[in-house]
Amino acid sequence: MSRRSTAADAATFLPGAMLGVLGSGQLGRMFAMAAARLGYRVHVFAPEPDAPAADVAFRQTVAPFDDADAVAQFARSVDAVTFEFENIPIAAAETAARYAPVRPAGTVLHATQDRLREKRFLRDAGIPCTPFAEGTTAEQLQAAVAEVGLPAVLKTAAWGYDGKGQRLVRTSAEAEAARAALGGVPAIVEGFVDFDCELSMIAARSAGGEEAYFGPVRNDHAHHILDVSAYPCQELASHAEEARQIAQAVVRGLDVVGLVCVEFFLTRDGRLLVNEIAPRPHNSGHLTIDACACSQFEQQVRAVCGLPLGAFELTAPAAAMANLLGDLWLIDGEPRWARVLADPRLRLHLYGKTDARPGRKMGHLTALADTADAARRLVRESRRMLVGD
Ligand code: AMP
C-alpha cells in the first residue's frame, strides 16, 4: 500500500457531510454523537446488528468486513471514512479508499494492528518502547527469551486487546508451553516491565497538519482492563513534555490524520516506554467529554473532516473516569443509577448494551473535582454506590 501524503489528502468536509465509521462499538457511538452535534451524519459499518453506534447513527450497514462489495457500497455512500476499531482487515480499508479518503490511512492500521510491526516501527523511529523480539517458532522463542530476559510476557501479534492473548511467563519451559498453546500464531515476547504506573497521551492531527495533545492521563488497570483514568496528575507533570514529544514522533512518523492514543509504562527508574499505539479514540480519553472544551471524539471529527482542531483545555480543575463493566450488573441486577444521577459532579455514560458479561465495557462514570486524587476517590466511591442496599 502506498503512503498518501497529508498534503495530498487535505480535502475538507463541512458539516452536512456523511462520515463513514468502520466498527460500531462504544467508540463509534461517542464519535457519532460528537459528529451529530457538529451537523454531520454518520453511517456505521459492522458485522454485528444492535451495536452501540448503530443506535445513534443515521445509517448502518451490517456485513462482514471482508465483504468487499458491501464495503465499496458503504464507502460510495460517504464523504470520508474513519474507524473506531483497529482490527479491521487492511483489504477493507483499501477497498474503502478507492471511493473516499480513509483517515487515518490504511497504512496506519497496518502498522498498529500487529504488535510486531508496531514495535518495529517504534524501534526504527528511535522511540523508546518495551524490549521485544519475535517468538512465533520454538527457535525464535528461545532466542527472544535470551534477548529480553525473564520474566517476560508472550502476546499474540494480532487481535490482542485488554490483556487477551497474553501470558506472563517466568521460565523458558513456561514460555514454550504458552507459545505451543497459542497454536503457532505469530507471537511477540516482551520483557516484563516493572512499572511505577501506566499513562497515555491522546494526539489529534488534522488533514492540514495541525496537532493537539492531551495528557498524560494516569491509567490504573484491574485484571488487564482499564479501571480508572485521571487527569491532571501531579506525579506525572515532570514527564508531560517527554510524553508529548513521543506522541508527536508517533503521529508524524505514521503520518496520521485523525486521532491516536499512545500508551506508556513509566518505569520505576523514571523512563517512559511506549506499550501500545491505538489509532482511534481511547478509553483513557473518555474523561475529555466532560472535562475538556473539545473531547477526543470531537477532535477526531475535526481532524478527519479537515476542520480546525479544538482545544483540549480543561473546563474543570481535574477529572477521573471509572469503567462500568458487566460485572457490576451481575452482582444484583441493574445498578442503582439514581444514586449518581443527582450529583452534579458526576456524569454517567451508558453504551446501550443489553447483555452484561464479565469484563464487558457497558459504560463509564466521570467525576469532576478540584484535584485528580479527589476525582479518583469520588469516582471509585460513586461506582461502589451503584450496587448494594
Ligand atoms: P496490552 O494489551 O499490551 O495493553 O496489555 C494490557 C495490560 O497488561 C497493560 O496495560 C499492562 O498492565 C499489562 N502488560 C502488558 N504488557 C506488559 C509488559 N511487557 N510488562 C508489564 N505489564 C504488561
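Any chance the stretch 266-288 includes a residue that's in contact with a Leu (Cβ under 7 Å, 6 or more places away or on another chain), more than 15 Å from the ligand (Cβ to nearest atom) and not charged (D, E, K, R)? Yes - at least one qualifying residue is present in the stretch 266-288.
Go through the residues of the stretch 166-179 one by one and say whether even a single one is within 8 Å of the ligand (Cβ to nearest atom), of a type in the set (Ser, Thr, Tyr) and part of a loop (DSSP other than H, G, I, E, B). No, the conditions are met nowhere in the stretch 166-179. Those helices (runs of 4 or more DSSP H) of the stretch 1-106 in which at least 3 residues are open to solvent by 50 Å² or more (accessible area, probe 1.4 Å), considering only elements entirely within it, cover 26-37, 68-76.
Scanning the stretch 281-291 for residues that are of a type outside the set (Gly, Ala, Ser) and either assigned to a helix (DSSP H, G or I) or open to solvent by 10 Å² or more (accessible area, probe 1.4 Å) (or both) gives HIS282, ASN283, THR288, ILE289, ASP290. From the residues in the stretch 149-167 that are modelled with pLDDT of 95 or more and surrounded by fewer than 18 Cβ atoms within 10 Å (Cβ to Cβ), which one is nearest to the chain's Cα centre (by Cα)? So the residue we want is PRO151. Of note, LEU199 does not satisfy the criterion of being of a type in the set (A, V, I, L, M, F, W, C), closer than 24 Å to LEU226 by Cα and not assigned by TED's automatic domain parsing to the domain that holds GLU235.
Of the set (1) open to solvent by 30 Å² or more (accessible area, probe 1.4 Å); (2) in contact with a strand residue (DSSP E or B) (Cβ under 7 Å, 6 or more places away or on another chain), all apply to ILE331 but (2).
The residues in the stretch 110-142 that are away from the ligand (no atom under 16 Å from the Cβ), open to solvent by 60 Å² or more (accessible area, probe 1.4 Å), more than 23 Å from ASP269 (Cα to Cα) and not acidic (Asp, Glu) can be counted, and the count is 3.
Residues are listed down the side, and each one gets a yes or a no for (1) acidic (Asp, Glu); (2) away from the ligand (no atom under 16 Å from the Cβ); (3) buried (at least 16 other Cβ atoms within 10 Å of the Cβ):
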position: GLY191; (1), (2), (3): no, no, yes
position: ALA204; (1), (2), (3): no, yes, yes
position: PHE214; (1), (2), (3): no, yes, yes
position: HIS224; (1), (2), (3): no, no, no
position: SER229; (1), (2), (3): no, no, yes
position: GLU235; (1), (2), (3): yes, yes, no
position: HIS239; (1), (2), (3): no, yes, yes
position: GLN245; (1), (2), (3): no, yes, no
position: VAL250; (1), (2), (3): no, no, yes
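In the condition set (1) of a type outside the set (D, E, K, R); (2) more than 9 Å from the ligand (Cβ to nearest atom); (3) in contact (Cβ under 8 Å) with a residue 60 or more places away in the chain, PHE195 is compliant with all but (2).
Screening CYS261, CYS305 for residues that are away from the ligand (no atom under 12 Å from the Cβ) and open to solvent by less than 10 Å² (accessible area, probe 1.4 Å) leaves exactly one candidate, CYS305.
Residues being farther than 30 Å from VAL108 by Cβ and assigned to a loop (DSSP other than H, G, I, E, B) are entirely absent from the stretch 296-314.
The values are calculated or read from the model by the stated rules, or taken from the named source; none is laboratory data. No experiment lies behind these values; they were computed from the predicted model shown. As a convention, Cβ positions derive from the backbone with ideal geometry for all residues, glycine included, and neighbour counts pool all protein chains shown. Heavy atoms of the whole protein, side chains included, go into the accessibility calculation; ligands, DNA and RNA do not. Shrake-Rupley method; radii C 1.70, N 1.55, O 1.52, S 1.80 Å.
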